[in-house]
Amino acid sequence: MIDYKEAKKYLLPTLLDYGFKERKDKSCKSCLVFSDGSETLLVYRNQRGIYDHYVNKSASDDYGDAVHFIMKRILNKTTNLSAEDFCKVEAELSRIAGLGVIKDVINNTSTIQEKQPFDISKYTVERLDLAAVPGACRRFFEQRHIDPGQLAPFKSVIGILVSDRGFRQPLFYWQNMDGNIVGAQYKYIKDNVCQKRFLKNTDRSNSLWMTPIEGSKALFVTEDPLDAIAHSQLFPGARYAYLCTGGTSTKAQREMIHSFSQKFKLPIILGNDNDLAGQLENFKLAYHTANIEYAINSKTQRVLLTVNGAEREWGKDEIVAALQAVMKQRPNMILSIPWAKDWNDDLRSSKKSISLRIAENMARVQIETTKSEQRGMIAGKLP
């Protein structure tokens, strides 16, 4: 169960974890201003001096406490929540509460203590042995219709987390720009639902789950590692480097992706989920240099997008159409949309439409025939 009274204390750490930074030049004692480059939030304090509720300047339906903030970001809604939805929010709150980014409520100030660096040596972790995948891990992958025997390309970025009670669960390493492991996420099945938890002090905002890039022909961006693995098994031999943001991407994550593209002279394949939130993530990545603010209306499944000051309401199909137009102008970007909601669903249903195959084949042809010079990728500039 979510302790709403306790959760209110974690609004500021939650904002920091999601890539928001305080605009000290705009803040005052009664109202703090936070921004991630695309959204601006006003954070107010209660009668006890605790900053526990926010209002999104550009979205009339985006306001509340830490619980509401998380609901909007991972569920795109704050009403009609299922038991599974509440579990997701509770898990995210539990992760953030353990980050070590605690507000100094005693002095009633907005001072935030620095997070402790992630230390994987505090955990018992085993290497992934394809010849002897632990039973619980094998069942986890098989339930997601992933063949554990085909995980060889991912051995360097997946481990086995061993709990104090001896339970073994797949562990996914998150790396920063320098390739250092700065966090990890473990997954397991509970009541036939995939659950995921980040280990304490994981720096998700400034890291990605990613496979080795050297020798790849493209950077394939998805939301979740399971989608990346599913895609690789749907299209074996593609030679893609997979980069995962974990869902709602931060500005730092998007900059990392474009930096890798420029450094290795590789095109970016936008492969996020086939829903409004997923295509919005593709849009943010494609327009990463633009000033973007947005507010999703969960009831109408439309999003109010403001791009460089121009405001317009979009649906998923309109976002896809806009992305397709961008692809024609930027050959270093390719749009790849799963047939179902995500690539793992495609793998589970084993249903690949003709259009999906054509899209993938076109992407491969474009990658094979497009030379780095033709992409207009100039040293020192992000694509």
Ordering of 242-254, 164-176 by burial proxy (mean other Cβ atoms within 10 Å per residue, highest first):
242-254, 164-176
With the convex hull built on the alpha-carbon atoms of the range 249-304, volume per residue in Å³ sits at 75
Could you tell me the calculated FRET efficiency between Lys57 and Lys341, based on Cβ-Cβ distance and R0 = 35 angstrom, to the nearest 0.05?
0.65
Run the numbers on the chain and let me know its relative contact order in percent, using alpha-carbon pairs under 8 Å that are six or more apart.
13
Scattering profile of the chain from the Debye formula, Cα beads only, expressed as log10 I(q)/I(0) at q = 0.08, 0.11, 0.14 Å⁻¹, is -0.42, -0.81, -1.34
Beyond 13 Å, what share of the Cα-Cα pairs of the range 269-335 is found? Please give it as a whole percent.
61
Projecting each Cα onto the charge dipole of the chain (Lys/Arg +1, Asp/Glu -1 at the beta carbon, about the Cα centre), which of Val55, Gly19, Gln262 comes out farthest on the positive side?
Gln262
Take the alpha carbon gyration tensor of the range 1-76, find the square roots of its eigenvalues, order them as a ≥ b ≥ c, and report rounded if a/c is under 1.5; if not, report prolate when a/b exceeds b/c, else oblate.
oblate
Taking H placed 1.01 Å from N in the peptide plane, check which residues at least 5 places from Arg23 or on another chain put their amide H under 5 Å from its amide H.
Val33, Phe34, Ser35
Calc'd 3J(HN,Hα), the range 219-231, phi into Karplus 6.51 cos²θ - 1.76 cosθ + 1.60 (θ = phi - 60°), Hz, glycine/Pro = x, comes to 9, 9, 9, 10, 7, 10, x, 5, 5, 4, 5, 4, 4
Quick one: order Thr40, Thr124 from most to least accessible surface, probe 1.4 Å.
Thr124, Thr40
What are the ³J(HN,Hα) couplings of the range 192-204, residue after residue, when phi is run through the Karplus curve with 6.51, -1.76, 1.60 and θ = phi - 60°? Round to Hz, x for glycine and proline.
6, 10, 6, 10, 9, 9, 8, 6, 4, 6, 5, 9, 5
Determine the alpha carbon to alpha carbon distance for each of Lys57/Lys251; Lys8/Lys72; Lys265/Lys316; Lys24/Lys316; Lys200/Lys341; Lys72/Lys196 and list only those over 25 Å.
Lys265/Lys316; Lys24/Lys316; Lys200/Lys341
What is the set of long-range amide H partners of Ile269 at a cut-off below 5 Å, with H atoms built 1.01 Å from backbone N?
Leu219, Phe220, Val221, Ile334
Counting only residues 5 or more places away or on other chains, whose amide H sits under 5 Å from the amide H of Ser58 once H atoms are built in the peptide plane?
Thr40
According to a simple spin-label model (label point 7 Å from Cα along Cα-to-Cβ), what is the distance in nm between Asn46 and Cys28?
2.3
Expected output is a single nm value to one decimal: the length gained when fully extending between Ser82 and Glu311, i.e. 0.36 nm times separation in residues minus the C-alpha distance. What is it?
79.2 nm
Compare His258, His288 by solvent-accessible area with a 1.4 Å probe and give them largest first, with all protein chains kept in place.
His288, His258
From the helices alone, meaning DSSP H stretches of at least four residues, give me the mean residue ellipticity at 222 nm for the chain, per-run term -39500 (n - 2.57), in deg cm²/dmol to the nearest 500.
-8500 deg cm²/dmol
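The values are calculated or read from the model by the stated rules, or taken from the named source; none is laboratory data. Since the structure is predicted, the reported quantities are computational estimates derived from the model, not experimental observations. We place every Cβ from the backbone using ideal geometry, glycine too, and count neighbours over all the protein chains shown. What goes into the accessible areas is simple: the full protein's heavy atoms, side chains included, and nothing from ligands, DNA or RNA. Shrake-Rupley method; radii C 1.70, N 1.55, O 1.52, S 1.80 Å.
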